[in-house]
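Reviewing the structure listed below.
The values are calculated or read from the model by the stated rules, or taken from the named source; none is laboratory data. Only a predicted model underlies this, so the values are computations on that prediction, with no experimental measurement involved. Every residue, glycine among them, receives a Cβ derived from its backbone with ideal geometry; neighbour counts consider all protein chains shown.
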Amino acid sequence: MAEIERNELSKNAMGGTELMATALAEKLDPELADKFQIICSRVRDIDENKIPVLWLHDLPNDPESQHLADKESRERFAKFVFVSNWQMNEYIHTYGLNWDDCCVIQNAIEPIELKEKPKDGIVRLIYHSTPHRGLELLVPSFEYLAEKHENIELDVYSSFNLYGWAERDKPYEDLFDRCNQHPKIHYHGTQPNDVIREALKKADIFAYPNIWPETSCLCAIEALNAGCLMLAPNYAALPETATSWGITYQWSPNHNKHANIFTSILDNMIKTLSESKEDAEHMIFQQKLFYDNYYSWNVRIKEWDQLLKNILWERNEL
């Protein structure tokens, strides 16, 4: 198995970067992996016996990226790999990176089995990201809609324990309490990825009023692959990740305005699904086919292998 460096990431972390690093380490061609040091976001020691590649998952304003303002630091790396074009452009404009030194390799997942959604009249919503990404908008929106629709439920899988940062949950404890006290909200905290994947098979809508700029969104990829409809704003890399399959709306920095837009559209989606889930099945099937291919590790690992071969060829080492 290839060694992908995840410097100072918690051994107990289960976030998107950790899932991606683990999968790449398992799938990368061992002969290529032995020649490269692939570093996820946080740079510490550079192995002089390997070719360093910096695989960036964070935003350019992250403290761990500040070293890229130094030309000598930038020149240590053979390539900068980004998880979206939006993210790459942000880094290029922030640090003046050379376009030729950059490339985008999108995230990927193992496909999730598509199962028929329950037809018991319940419209199931799901949120499976950390709380700072929009849960504070979703909970009051759901509380309002639950007064209008008796047939909706919300599953919330959200906690900073995902990264081993339990102390960061403290500002959200009141929000978690609201979830626990609502009869139609089921709060699950942090759960392993296989539990999330099973929950997505039953969910109808990935409800994501996002307020944090995503460099990519593994939650969206998983939800869309599992046959969920997605409602999210056109913020940061979300439209690129959704590739027109999700239902997106104009993002607003004003939380009240944002919540009102989100709630109005979600209300209509609930009404439509309450009348007939069958009407969405054809679109979901096409969506599933797209995500099985475009975001599959079977496709993505070939891109990684080709990238590393190209680097060797440019260095006359292939």
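The rows are residues; the columns are (1) more than 27 Å from SER252 (Cβ to Cβ); (2) under 14 Å from the mean Cα position of the chain (by Cα); (3) without any contact (Cβ under 8 Å) to a residue 12 or more places away in the chain.
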{"residue": "LEU175", "(1), (2), (3)": "no, no, no"}
{"residue": "GLN181", "(1), (2), (3)": "yes, no, yes"}
{"residue": "THR190", "(1), (2), (3)": "yes, no, no"}
{"residue": "ASN210", "(1), (2), (3)": "no, yes, no"}
{"residue": "TYR235", "(1), (2), (3)": "no, yes, no"}
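The set of residues from the stretch 98-110 being assigned to a loop (DSSP other than H, G, I, E, B) and crowded, with 17+ Cβ neighbours inside 10 Å comprises ILE105, GLN106, ASN107, ALA108. Taking each residue of the stretch 273-284 that is not assigned by TED's automatic domain parsing to the domain that holds LYS202 and looking for partners that are outside any helix (DSSP H, G or I) and surrounded by 10 or more Cβ atoms within 10 Å (Cβ to Cβ) with beta-carbon atoms closer than 6 Å, six or more apart or interchain, yields nothing. All conditions but one from (1) within 21 Å of PHE285 (Cα to Cα); (2) surrounded by 17 or more Cβ atoms within 10 Å (Cβ to Cβ); (3) among the polar types (S, T, N, Q) apply to THR243; the one that does not is (2). Residue-level check: of (1) in contact with a strand residue (DSSP E or B) (Cβ under 6 Å, 6 or more places away or on another chain); (2) exposed (fewer than 12 other Cβ atoms within 10 Å of the Cβ), LEU273 misses just (2). When only residues in the stretch 131-173 that are of a type in the set (S, T, N, Q) and without any contact (Cβ under 8 Å) to a residue 60 or more places away in the chain count, which is farthest from ALA232 (Cα to Cα)? The residue in question is ASN161. Summed over the stretch 277-304, the residues that are surrounded by 16 or more Cβ atoms within 10 Å (Cβ to Cβ), of a type in the set (D, E, K, R) and more than 20 Å from GLY227 (Cα to Cα) give a count of 1.
Suppose the filter is among the hydrophobic types (A, V, I, L, M, F, W, C), at pLDDT 95 or above, buried (at least 21 other Cβ atoms within 10 Å of the Cβ) and closer than 26 Å to PRO209 by Cβ; does PHE82 pass it?
Details: among the hydrophobic types (A, V, I, L, M, F, W, C): yes; at pLDDT 95 or above: yes; buried (at least 21 other Cβ atoms within 10 Å of the Cβ): yes; closer than 26 Å to PRO209 by Cβ: yes.
For PHE82, the condition - among the hydrophobic types (A, V, I, L, M, F, W, C), at pLDDT 95 or above, buried (at least 21 other Cβ atoms within 10 Å of the Cβ) and closer than 26 Å to PRO209 by Cβ - is met.
Evaluated against (1) within 22 Å of the chain's Cα centre (by Cα); (2) in a loop (DSSP other than H, G, I, E, B); (3) acidic (Asp, Glu), GLU116 falls short on exactly one condition, (1). Condition check for LYS115 on (1) farther than 23 Å from VAL43 by Cβ; (2) surrounded by fewer than 19 Cβ atoms within 10 Å (Cβ to Cβ); (3) assigned by TED's automatic domain parsing to the domain that holds GLY189: one failure, at (3). Scanning the stretch 137-151 for residues that are under 28 Å from GLY15 (Cα atoms) and crowded, with 18+ Cβ neighbours inside 10 Å gives LEU137, LEU138, VAL139, SER141, PHE142. Counting just the residues of the stretch 1-57 that are closer than 20 Å to SER216 by Cα and part of a loop (DSSP other than H, G, I, E, B), which one comes out modelled with the highest pLDDT? Among residues in the stretch 1-57 that are closer than 20 Å to SER216 by Cα and part of a loop (DSSP other than H, G, I, E, B), the one modelled with the highest pLDDT is HIS57. Would you please name the residue that is modelled with the lowest pLDDT, looking only at residues in the stretch 237-253 that are over 12 Å from the mean Cα position of the chain (by Cα) and either among the basic types (Lys, Arg) or in a loop (DSSP other than H, G, I, E, B) (or both)? Checking each candidate, the answer is SER244.
Restricting the stretch 66-95 to residues that are part of a helix (DSSP H, G or I) and among the aromatic types (Phe, Trp, Tyr) leaves a set whose member that is farthest from ASN107 (Cα to Cα) is TYR95.
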